[in-house]
1. Can you flag which of Lys130/Lys159; Lys89/Lys174; Lys82/Lys130; Lys73/Lys130 are past 24 Å Cα-Cα?
2. Using a Förster distance of 25 angstrom, determine the FRET efficiency expected from the C-beta separation of Arg57 and Asp96, and round it to 0.05.
3. By DSSP, what percent of the beta bridges with both residues in region 38-199 are antiparallel, rounded to the nearest 5?
4. Note down the relative contact order for region 38-199 as a percent, whole number, built from C-alpha pairs under 8 angstrom at least six residues apart.
5. Which value results for Rg/Rh of region 31-176 when Rg is the Cα radius of gyration and Rh the Kirkwood radius based on the inverse mean 1/r?
6. Would you please name the GluC sites (Glu not before Pro) within region 86-146 that are DSSP coil residues with at most 10 other C-beta atoms within 10 Å of their C-beta?
7. Stretch Asn32-Asn65 to full length: gain in nm at 0.36 nm per residue minus the Cα-Cα span?
8. Regarding region 79-126, what are the three Cα extents along the principal axes, ordered largest first, in Å?
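Every read-out reported here was derived from the displayed coordinates using simple, explicitly stated rules and does not represent laboratory data. Predicted, not measured: the structure shown is a model, and the values here were computed from it. Ideal geometry is used to build each Cβ from the backbone, glycine not excepted, and the neighbour counts take in all protein chains shown.
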Amino acid sequence: MSLFRNFFRSKSQNEKEKIKFTDRGKYMPRQNLPIDESFTINFKANGGKFLYCENQREIDETLNNILIENDWKNEYAYFYDKNLEDRFKNAHLKTDHYLNNATYFVTTCENLIADDGSLLISSNQIAEKKLHEFPNNFIVFATTSQIVTNIGEGLREIKTKNTSNIPTNITTIKHFKDLAEKDFLSYGSSSKNLYLLLLEDL
């Protein structure tokens, strides 16, 4: 994938691309970015914290850095997905099975939506609870193969993967900024302090 080529480009190369984009003019047709780049741009614009990892070792190291950065080493994590909890057993997180005691929620998602930089989740991740019932801090584990163009494509994937038991409570998380930073378009939605651990699997 072209997902992180931009991270390794030289400054002059990025400047050249910026000039090239500017030269197109504002009335020229919009260039279609690859969905991985589109998701990255839109997710960051929404205020999400994006952390790319190539293997499980990097995932564990990055998770540990998040805990140190936020002083969460002695705080409780909440897992709904027991398979995910097993995946992170080497991180030695303090966990609590009571949601109200948790400082942060570690979860997966159904898909990553490129068009608007949102995360599609369902009852597979949050049961039948509402987003406001969870801690303000989310750490989401996902893979690059979960990136889709739009919500419609994500819903089709959910249906395809769960033909016998389609999950309920399907929703998106889109706003990852503090309440003070939210604009009028985000009123009424749950804003989360969200870290995305994205594992390369393609």
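1. Details: Lys130/Lys159 21 Å; Lys89/Lys174 28 Å; Lys82/Lys130 20 Å; Lys73/Lys130 26 Å.
Over 24 Å Cα-Cα: Lys89/Lys174; Lys73/Lys130.
2. On the way: r = 26 Å, r/R0 = 1.05.
The calculated FRET efficiency here is 0.45.
3. Values: 6 of 28 bridges.
Of the beta bridges lying entirely in region 38-199, close to 20 percent run antiparallel.
4. Details: 291 pairs, mean separation 50.1, N = 162.
About 31 percent, as a whole number.
5. Ratio value, two decimals: 0.95.
6. Values: sites: Glu110, Glu128, Glu133; in loops: Glu110, Glu128.
Taking region 86-146 and a limit of 10 other Cβ atoms within 10 Å, the loop GluC sites (Glu not before Pro) found are Glu128.
7. Details: separation 33, 0.36 × 33 = 11.88 nm, distance 3.44 nm.
Result for the pair: 8.4 nm of gain on full extension.
8. 35, 24, 17
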